[in-house]
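Peer 1: I have a structure I would like to understand better, so I am pasting it below and will then ask my questions one at a time.
The values are calculated or read from the model by the stated rules, or taken from the named source; none is laboratory data. All figures in this text were calculated on a predicted structure; none of them were measured in a lab. Positions of Cβ are backbone-derived with ideal geometry, glycine not excepted, and every protein chain shown enters the neighbour counts.
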Amino acid sequence: MLKYLLVLLVLSFTSALSAAETFLQVLTENWRPYNYEDKGEIKGQSTDIVVKVLDRAGIDYKITLYPWSRAYRIAQQKENVLIYTIVRMPVREDMFIWSRPLAKQDTGSLFKLSDSKNIKVSNLEEAKQYKIGVIKDSMGYLFLKNNGVSQAIVPVSTDQKLNLEHLLRGYVDLVAVSEKSFAHVTKQMGVESEALTRVMKLFEFTPYMAFSLGTSQEIIDKVNKAYDELVEEGVIKVFESVK
């Protein structure tokens, strides 16, 4: 009888351990149009793809939306985490296990208020004299930091809506943003496009999803296989990658 109970205990423990290893924590942020919360539901172009892929893969998962800096930190500290939408760039290359692209190429740029005629920027050296609003740990934050513009950065920890508010209120002189996302945020806030001017293009990028280091290879293989199947079936478009 005791031997039978021990066998049951071992099997239960093994089953629980296996379930823990195959559960995927999925993290995202408010970054329109890729991912955002609307009336308690997480939506967006990237979210639609991620959900289709994970459902096809048969993965047990839960999507949670956090401020970017928090999601980014968790994905570097825990195993079995999928983070999206994240920009693949050299400084991040060894920090994650990169999966598949989620959207077409986008552009990171510096914007100012059109009325700020005195602000003129044609290179990063000139940008150093201004206060630049960025999301902490975002692509813009890392790009500026790694190109010697750290002293000009004024990071906000939440989303682009607050970043734009800082620009409109004069707390910052410039904002480093995704052009596609910025267009959606300005429209959402009722800001006319003519009120803002792009002063400098920074870089092009491809939105991705990526796994945390130490994530189960079984999960990675299932997700990548599901994505590739959906691309082959025409459910997901083929996105060119810019690293």
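Peer 1: Please go through the stretch 76-131 and give me each residue that is buried (at least 16 other Cβ atoms within 10 Å of the Cβ), among the basic types (Lys, Arg) and assigned by TED's automatic domain parsing to the domain that holds TYR36, ordered by number.
Peer 2: ARG88, ARG92, ARG100
Peer 1: For the stretch 195-227, how many residues meet the condition of being in contact (Cβ under 8 Å) with a residue 24 or more places away in the chain and more than 30 Å from LEU113 (Cβ to Cβ)?
Peer 2: Selection size over the stretch 195-227: 18.
Peer 1: Let me ask something else about it. Which residue out of SER150, SER116, SER157 is of a type in the set (Gly, Ala, Ser), at pLDDT below 95 and farther than 30 Å from ILE49 by Cα?
Peer 2: Being of a type in the set (Gly, Ala, Ser), at pLDDT below 95 and farther than 30 Å from ILE49 by Cα holds for just one of SER150, SER116, SER157, which is SER150.
Peer 1: Under the condition of being basic (Lys, Arg) and out of contact with any Lys or Arg (no Cβ under 8 Å at 6 or more places or on another chain), which residue from the stretch 52-100 is farthest from ILE220 (Cα to Cα)?
Peer 2: This residue is ARG70.
Peer 1: Further, regarding this structure: Could you check, for the stretch 194-205, whether at least one of its residues is surrounded by fewer than 21 Cβ atoms within 10 Å (Cβ to Cβ), under 19 Å from the mean Cα position of the chain (by Cα) and closer than 27 Å to THR22 by Cα?
Peer 2: Looking for residues that are surrounded by fewer than 21 Cβ atoms within 10 Å (Cβ to Cβ), under 19 Å from the mean Cα position of the chain (by Cα) and closer than 27 Å to THR22 by Cα, one finds none in the stretch 194-205, hence no.
Peer 1: So which of TYR72, TYR61 ends up being under 12 Å from the mean Cα position of the chain (by Cα), at pLDDT 95 or above, of a type outside the set (Val, Ile, Thr) and not in a loop (DSSP other than H, G, I, E, B)?
Peer 2: TYR72
Peer 1: Scanning for something of a type in the set (S, T, N, Q) and in a strand (DSSP E or B), does the stretch 78-95 turn up at least one residue?
Peer 2: There is at least one residue in the stretch 78-95 that is of a type in the set (S, T, N, Q) and in a strand (DSSP E or B).
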